[in-house]
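Rule-based calculations on the coordinates, nothing more; no lab input. It should be emphasised that the depicted structure is a prediction, and the values quoted were computed from it without experimental measurement. FYI the Cβ positions are ideal-geometry reconstructions off the backbone, even for glycines, and counts take in every protein chain you see.
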Amino acid sequence: MKKKDRYREAGVDIDLADRLVGRIKPLAQATRRKGVMGGIGGFGGFFSPRLAGYIDPVLVSGTDGVGTKLKIAQMLDKHDTVGIDLVAMCANDVVTCGAEPLFFLDYFSTGKLDIKVGRAVIKGIADGCRLAGCALIGGETAEMPGFYDPGEYDLAGFVVGAVEKGNIIDGSKIKPRDILIGLRSSGLHSNGFSLVRKVFFDELGFGLDDKPNGLRLPLGREMLRPTRIYTRAVIDIARRYDLRGVAHITGGGITENVPRILPKGASALVRRNSWKPQAIFRLIQQEGDVDDAGMFRTFNMGVGMVLVVSRADAEKTLKRLGKPGERAFVMGEVIKDTKGPRVIYDPPLK
């Protein structure tokens, strides 16, 4: 008589998880790069910075999630881009120090494993790793019945990068008259979605397929635009020019993130007329009755990354950034300010 699988009766299917691992191994293999040792399936992932070409490497780590943007993916039943968001949120953080992302690990948890959904999510992670130039060398898939509602899942990621000790970017070289260069975002990226959902769904009653005035895509698709990954462009600039500071514009917006890289006694003068935020931000502000200060402290407002370079390198940096397709622009400069570090907007926020 065949024995019962009590674990499966409890809601956890180990065979299903094994099949998912088999499906994602080729995806991970496609992200392989110099330095990777071994493959997917062991208890740990191996990576050698020396094999990757580093002489005196300092390791830089970062971890993050996608937040409530996952709700939009689950509502739309579209799961192939949130993995890009996951890698972006981690890789864009470590590159601010000048670190090249080397390898990535993910954590995918759900109540009931769905092979199709799980593979789509991991495919997005692998796509993100290729864009960031790092290898997907491991992860964890957790099936936790009773913990999530049907169709729900959560994601977390962890990245390790490396930078030669003498090339660390920490903002200490920033000085007044340095130039702020903004790199265009793809849209909302992965921050502020709790407010976005409240405004659009709870207060205005929009649906995912609605197309409010000014948007090029239906609302759900607009909200799911994947976070732009800037690692290759930033590393390229760091290796060619005097890149003095890098700020990833995530939660806290320009207002909170740029001061994190500025030295004492210096502030960022940001000229707001130097770029135009995407329509989605104007829609949130107008329909959600959010003031300027709230918008610039919650969202990226069209700027995903801010680079600080010397005035002498500004034009060369802009020209170089255009080659990989980044939309870059001068958005301000560093100024002396006894009350700094802070962001001073011109015109002032209302």
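At-a-glance table
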{"quantity": "Sequence-distant residues sharing a close amide H with Ile344 (under 5 Å, placed H)", "calculated": "Ala268, Leu269, Val270"}
{"quantity": "Student exercise, the range 1-150 dipole from Lys, Arg, Asp, Glu Cβ charges, in Debye to nearest 20", "calculated": "560"}
{"quantity": "Positive-end residue, the chain charge dipole about Cα centroid, Cβ charges, pick of Gly332, Pro277, Val343", "calculated": "Gly332"}
{"quantity": "Positive-end extreme of charge dipole, the range 204-350 - chosen from Gly205, Ile254, Tyr241 (charges on Cβ)", "calculated": "Tyr241"}
{"quantity": "Exposure proxy ranking, count of Cβ atoms within 10 Å, fewest first, for Asp127, Asp292, Asp106, Asp56", "calculated": "Asp56, Asp292, Asp127, Asp106"}
{"quantity": "Selection from Ile174, Gly304, Cys134 lying farthest towards where the dipole of the chain points positive, charges on Cβ", "calculated": "Ile174"}
{"quantity": "Ordering of 91-99, 107-115 by burial proxy (mean other Cβ atoms within 10 Å per residue, highest first)", "calculated": "91-99, 107-115"}
{"quantity": "Under the Karplus curve 6.51 cos²θ - 1.76 cosθ + 1.60, θ = phi - 60°, whole-Hz ³J(HN,Hα) for the range 182-192, x wherever Gly or Pro sits", "calculated": "x, 10, 4, 8, 8, x, 5, 6, 10, 10, x"}
{"quantity": "Folded to 0 to 90 degrees: helix 231-240 orientation relative to the chain principal axis, Cα", "calculated": "40"}
{"quantity": "Karplus-derived HN-Hα couplings along the range 300-311 (A = 6.51, B = -1.76, C = 1.60, θ = phi - 60°), whole Hz, x at Gly and Pro", "calculated": "6, 6, x, 10, x, 8, 10, 10, 10, 10, 5, 4"}
{"quantity": "In order through the range 82-93: 3J(HN,Hα) via Karplus (6.51 cos²θ - 1.76 cosθ + 1.60), integer Hz, x for Gly, Pro", "calculated": "5, x, 5, 4, 4, 5, 4, 5, 7, 5, 5, 6"}
{"quantity": "Unit charges on C-beta of K, R, D, E only; dipole of the chain, Debye", "calculated": "1120"}
